[in-house]
Amino acid sequence: MAEMWISMGPQHPMTHGLWTLKVKVDGETVVDTEPDLGYIHRGVEKICESRDFTQITTYCDRLCYASANTWSHSYIYAVEDLLEVEVPERAEYIRLIAVELQRIASHLMWLGAYGPDIGNLSVMVWCLREREMMMDLLQELGGSRMHYNFPRVGGVKRDLPHGFAQRARAKVSLFLDRIQEYEALFDESTIFLIRTQGVGYSKPEEMVNHGVTGPNLRAGGVNYDVRTAHPYSVYSELEWEAPVERPSIKGADCYDRYRIRVEEMRVSALMVLEALDKIPLGADTYHSPGDPAILAKAPSRAKEGTSGSHHFEDSRGESMFYLAGGGEGRGKMPYRVSIRSPMFITIPYASKCMVGYKVADIPAIMGSFDPCIGETDR
Amino acid sequence: MSYHPHGTPSFRNLVVRPMWITLKTALRTVPFLGKLKFLKSGYHAQPADMMDSETSRRVGASHPSAEQKFSADRETSQLMPFVERPVTVMYPYERLDDLEPWLFVPGNYNGRIGVIWETCTACKQCVRACPNDCLHMTSEVRVNVLDTAEEGDEWHGFGGEVEVGGLAAMPRDDFHEIEEQHDLVKDHTSAPQQYEFAEVIDITGDVATVNWLNGSGEQDVDLSSIKPAEEDIVSGRIDLGRCMFCGLCMEACPFESFFMTNEYDGMSGFSREDLWMDADRTRVLPSVHKERVDMELAKRAKKEKSKRERKATKAEA
Amino acid sequence: MGKTVTTSSQKLAAEEMSSALSEMDGVVAVVSERKSGTSPRNIVSVDCSSENWRSLAESMRIEHGVDYCSMITGVHWPEGSSDKNWEVIYHFMRMGVENPPVIDGMVQPIVKDPSKLEGKAVPLEIEVRIALPETRDPKVASVQDIWVGADWNEKETWDLVGIDFEGHVGMRRVLQPHETPVGFHPLQKQHKLRYHDFEEMYDDAQGFLRKPSDAGKIK
Amino acid sequence: MDNVHDTLPSKDLDLTVTISLPTGIWPEDIVLGKVLNLQDGFGGMQPALEGLFSATMICTIVFTTMMLTMLPIPYIERKFIGRLMDRLGATTTLRSLWIGESGVTAGKWWDQLPFGMGAPIGWLNKTLNSIWGNDHHLEAVSRVNNRGYHGYWFLLPGFFQAFADFTKFAGKEHIVPKEADRPVYEVAPVIIISTTVLVFAFVPFGPHFYVSSPELSVVFMMAIFGVAPLGVFFAGWSSNNKYTLIGGMRSAAQLTAYEIPLLITVLGVCVISGSFNVVEIVDFQAEESNVWNLFMLPLGAALFLITMIAEVERIPFDMPEAEAELVEGWWTEYGGMRWGLMFAAEYQRCYAACLLFALFFLGGWEAPFQGTMEALPLLGGPLELLLSIIPGIVWVLIKAWALFAVFVWIRASLHRVRTDQILEFGWQWLLPLSIVNLAIAMFLRVWVWDGSWGIIAPVVMILSGILGLVILVVDEDKEALESMKRPYSTYAVTKAYPGRHPDSKLEDLQRQYSSYTAVQAASSVSLSDTEARS
């Protein structure tokens, strides 16, 4: 068959969102690819220039439907850098719990979407089943089911509710038990292995040069993690270690990227349990909203010429906010908000990765990089 | 296939393990069989206490999650302990707020916006806090929180007086039955009106002649049976098409008057105009948040009291 | 305790790099302590002139092992001073990532203890600011060939802010529609955010008739 | 005195017409002759009318049976996969229907049933409520406390969904894509559907329950089975869509990979049964040998199952409609009634495959271990009476539906393979194994079979089958698993135990915390020498 261009997307099962991947195929073999983004560009950066610092949190939640908390926290740390706020430690622990639960939920969403990519539908329902538990816990904190609007400048919106620790322990323990079932369905399934192993190789140095970080990088056999390399929360207080995958000789393939996310779910679950034990003032106490133990006083205006930025370990890589202070209303609103989305940089690299493989490998490779278009297009 | 250090494809794994796991999941949902130990390990469908003893002692029995058992995966059935089920919630026939009521505490869950008119002072803090301008002000007939205090109440007598030409409100005697039947979450109607409002035409002695606003004509009523009412600007006229339920308005309210209710459906329409909700729809009865309203009443009555005392001393001097 | 990079080693490495970078002409590098949340962190913040930028980038990549371009963004200061009317901000990271070795047929993952890292191995964060004078077409040199990760960052910066990168191959719209009029870059400050009040929304519920207030005009 | 015959012409008008019907419908040629000779009457026409009438009636009965017995197929698909995926199933709906709230049962729907059929349900409900109570604060009650009346269709939840789907498809518009190859596009569904229906002309539901049973019915069936992928290829090619084009190409490519092993496997079955006729194959298992072919040819049964899954294009072999990469594969562009009929044809092919497996390997309309049960000393007589009452079609249908449940189970458990992988699998594994299976069948038939399998052969074959299953099931190097030596993620906090589901109660989690430091130490050791090497 002669070479032909196939335009996969904007509505296509492979694109976990709304974007187009133009693929040039020769029969079943991918010859060339070209991504085309921007279908749901909402102009969040422009909108944020006319909102004050508390209101922007709600928009940062909407950046990614799968991991809202990580994005709002990423923004909040940048704002606290801009306004130079000191956060109480209990609030930091609560933030850590919220972020790690959200990381688990996001990875579950990815795993559930990765099953149909390879052709198994049951794991989708299983993963959404477990994601329900995480969303219940996050709803107790944030009050909503997907977009929590949980962090505040200088702390968090609400303390751990009554009995949250009990429920979180039970659900996270059950989840640690259920991970074994995913591994039985994936790792122990030869068809899954032959579909994902030896597909979509990527080397760590190449990935770093292309700007790919996070689980996709750790799948390549290096333990670079923003949480440990640029410690920003109470991660230094907890006993944990970023999981590292032992890749194949040619580099990290789809199977390694699957493994590393499963291990990250495990590590995050244990982190939540440990944070519930170590949280100052105890997990079974409750402080009313606005209590100085969970919310520090923060200025509402940024001085002219100041800037704040923070690198944050999103569930898909290193996310970052850059804020320039001193905008409208004499610094009540940021002058410029700039968002660094990991997937915006990763998607071109992923589409480079799939050249030379079969058409059936396109969803396998693209799904293994965990694309999220909400954050990509902003 | 390239050499991979682990997870090597083997003939044994071709079918056995994945098919066994899916079969296990299916067997878990079978009555009697699903209870077997080798099917459910660890926390599967094990009922757990909602709160540890310390917390339950502190929050007391009034807390929604007190004395409650729950299962992490919603599988446990206390009614028929031998029956297992999948974890699906058959909405709308089953509802998550029946399953896990502690998730939907009003003020904790970000449901539709609700305003207690009695305590609203139209300070517009909520309108300013709204990120995408979905809140608007409107003027409604309401009873001030200071006038809600009953006879013999500690904070009674700090409200206004019934004047000719002003508005008056008479509490409906069947209100409690109506309030019993009204469920904010499940029947998607506006909260029942607590008072019958009327326009005061004349006051002779302790008998007031009022003209009911609902058009039932004039009537002479006992002055002690009516409360003064007023037409005020209240907040909470909401454009649901814009609201993203962030709850910033609730946090911005300084008067314990603005709430996110636990209603999460009945907020749909066939056009954007349908999503425009009047303040009547966002009204919340004071009895829902009684203690907060009483707090607010005490606060304002104290202020009123001190003001009157100062005036009195000034008059003496 | 968790194995994280200690603040002291980070500070030492940052001072080392900043002193080395300051020796270049047109480059002013200082160590600025950023404080967000509970833990302070030291980053190298560099002010560079646009003509020295290329040489600075090469020396950072080659001599200092800055292997990761995190973010490129631009700011438009219309009411700023005439020599700082535009600003390009780069955020780099020194990760010190190398490919794991293959020993007797098995890849040996590189698991470094971050709390024991020292010297050039310490992960570092560099912020480079380039101020541009008042001009209709601001441009700086592209670093697309040094860090491939800078490719789409520069595309996006040109697309949204309108700062052009000389030597960038294949510059195109990435987030805006491809048929966006030439010269329209929405994050420039002369484009104001419009607010539809609800009457406007409901006159045209689906927004078919809605047009940008500055449609058709060349900005 | 016979006036009538006198007035009639005495000369015969010879209008002999000979109709020869296929065998199985009417034994000898039917001669319509001397129809105008009223002196002999209409006697000559009677056999022809009978033959035509009986043939029409048999066809009608068989195809109606086929259509009706196919209704449970999509039902099983939906419900069983719902259970495998831990979604809601039928019985849960039924159970949750009879729970009431505080004495008031949620809409006494059983009172709506005709003839008071629902009264026992009401009694059962009353009993359950009286035993376990139904107060509101019970969580299982509050699950269902505000449900309305659902109607008694919930007695068979979703069973009649197929009719609803049919109605919807019938009402939909038929769209032909622009630039499509119109004739081929229209012909392709006809090819697929007609061939699929034609297969059932030779599938017997019972000992005498078939349309036709020619001598070579197996060959005929297999030939017709192989025609449908041609229609798939036509559809993919003519739709003027790149996805459908790739889908059609894939189906054409994988056709060669599994069709030949399938035919050779079926050939093995025919060899061991000594006939190319399905009825005779079943009779061989039921009467002659009294041993199902499943036990004589376990390898053949496995091969037949795999190749049949590939034949009906289900996961893991559904590359032609791989919905992840090709949107809907070869039928992306079809819609309306044509799409619905093709979808029904897919299920019909699944059903035919299940029936063929039941007939070839599971002894068709013979009850499981019928001979053994009837040979029982005391119970034999009553059992024989009982089994003689049950019609054979019951056993065929039970076996076929159970097999379809296995299809669904496989679909829920496995992933989709790649095109090159199924080609590799087909040529490198299926073809040699099917030839081996054929050799085994010939050996058994030629050297072992003497009027009956002895006592040795079935035992040996069953044991070998069980041995193969054990080899499949048994886990290799268990201690490597338990000692966490399997290098899943080398430096992770807790290793993956593929085989095991630990009790992760809280104390176990505390134990994990304590063991966590040990894991750290181990990893740090290996970490140090890693750094030394690197």
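Can you confirm whether D:Pro261 is modelled with pLDDT of 90 or more and in contact with a helix residue (DSSP H, G or I) (Cβ under 6 Å, 6 or more places away or on another chain)? Judged against the criteria, D:Pro261 is a match.
The set of residues from region D:261-279 being among the small types (Gly, Ala, Ser) and not in a helix (DSSP H, G or I) comprises D:Gly274, D:Ser275. Kindly establish whether A:Asp256 is farther than 30 Å from A:Pro161 by Cβ and not hydroxyl-bearing (Ser, Thr, Tyr). Yes: the conditions hold for A:Asp256. Counting the residues of region A:334-354 that are more than 21 Å from C:His91 (Cβ to Cβ) and either at pLDDT below 85 or surrounded by 24 or more Cβ atoms within 10 Å (Cβ to Cβ) (or both) gives 2.
As a summary of the residue check, A:Arg261 satisfies the conditions (1) within 13 Å of chain C (Cβ to nearest Cβ); (2) surrounded by 21 or more Cβ atoms within 10 Å (Cβ to Cβ) except for the one numbered (1). Residues that are at the interface with chain B (Cβ under 8 Å from one of its Cβ atoms), closer than 30 Å to A:Glu86 by Cβ and acidic (Asp, Glu) within region A:124-176 comprise just one, A:Glu140. The residues of region B:205-243 that are of a type in the set (A, V, I, L, M) and within 14 Å of another protein chain (Cβ to nearest Cβ), listed by number, are B:Ile238, B:Leu240.
Of the helices (runs of 4 or more DSSP H) that lie entirely inside region A:31-87, those containing 1 or more residues that are more than 9 Å from every other protein chain (Cβ to nearest Cβ), under 22 Å from A:Glu313 (Cβ atoms) and touching an Asp or Glu at 6+ places or on another chain (Cβ under 7 Å) span A:68-83.
Scanning region D:190-225 for residues that are part of a helix (DSSP H, G or I), touching a Pro at 6+ places or on another chain (Cβ under 9 Å) and farther than 29 Å from D:Met337 by Cα yields a single hit, D:Ser217. The criterion of being within 7 Å of another protein chain (Cβ to nearest Cβ), within 22 Å of A:Ala168 (Cβ to Cβ) and touching a Pro at 6+ places or on another chain (Cβ under 8 Å) does not hold for A:Val222. Scanning region C:72-91 for residues that are outside any loop (DSSP other than H, G, I, E, B) and of a type in the set (D, E, K, R), we see that the one that is nearest to the chain's Cα centre (by Cα) is C:Glu87.
Somewhere in region C:15-28, is a residue within 19 Å of A:Asp81 (Cα to Cα) and either aliphatic (A, V, I, L, M) or more than 12 Å from chain A (Cβ to nearest Cβ) (or both)?
Checked against the condition, which is being within 19 Å of A:Asp81 (Cα to Cα) and either aliphatic (A, V, I, L, M) or more than 12 Å from chain A (Cβ to nearest Cβ) (or both), region C:15-28 yields no hits at all.
In a helix (DSSP H, G or I), touching a Pro at 6+ places or on another chain (Cβ under 6 Å) and assigned by TED's automatic domain parsing to the domain that holds D:Trp427: is that true of D:Val291 in this structure? No: the conditions fail for D:Val291.
Inspection of region A:94-110 finds a residue satisfying the criterion of being within 18 Å of A:Asn149 (Cβ to Cβ), part of a helix (DSSP H, G or I), touching a residue at least 24 places away in the same chain (Cβ under 8 Å) and at the interface with another protein chain (Cβ under 9 Å from one of its Cβ atoms). Looking only at residues in region D:297-323 that are in contact with a Ser or Thr (Cβ under 8 Å, 6 or more places away or on another chain) and not in a loop (DSSP other than H, G, I, E, B), which one is surrounded by the fewest Cβ atoms within 10 Å (Cβ to Cβ)? By that ranking, first place goes to D:Pro298. Give region A:225-238 a look and list any residue that's more than 7 Å from every other protein chain (Cβ to nearest Cβ) and either modelled with pLDDT under 85 or in contact with a Ser or Thr (Cβ under 8 Å, 6 or more places away or on another chain) (or both), or say none. Hits for region A:225-238 are A:Val226, A:Arg227.
So, in region C:140-151, how many residues would count as being without any contact (Cβ under 8 Å) to a residue 60 or more places away in the chain and surrounded by fewer than 24 Cβ atoms within 10 Å (Cβ to Cβ)? Result for region C:140-151: 4.
Among all residues of region A:353-364, there is at least one that is within 14 Å of chain C (Cβ to nearest Cβ) and over 24 Å from B:Leu248 (Cα atoms). Beta carbons closer than 6 Å, at least 6 apart along the sequence or on distinct chains, pair a first residue in region C:157-176 that is under 15 Å from C:Met71 (Cα atoms) and at pLDDT 90 or above with a second that is hydroxyl-bearing (Ser, Thr, Tyr) and assigned to a loop (DSSP other than H, G, I, E, B) for C:Phe165/C:Ser142.
Scanning region C:37-59 for residues that are surrounded by fewer than 20 Cβ atoms within 10 Å (Cβ to Cβ) and among the charged types (D, E, K, R) turns up C:Asp47, C:Glu51, C:Arg54, C:Glu58. Of the candidates D:Leu355, D:Leu326, D:Leu359, the single residue that is modelled with pLDDT of 85 or more, buried (at least 23 other Cβ atoms within 10 Å of the Cβ), in the same structural domain as D:Ala180 (by TED's automatic domain parsing) and under 24 Å from A:Ala360 (Cβ atoms) is D:Leu326.
The values are calculated or read from the model by the stated rules, or taken from the named source; none is laboratory data. Bear in mind the structure is a predicted one, so any value in this text is a computation, not a measurement. Quick reminder, even Gly has a Cβ in these numbers, built from the backbone with ideal geometry, and neighbours come from all protein chains shown.
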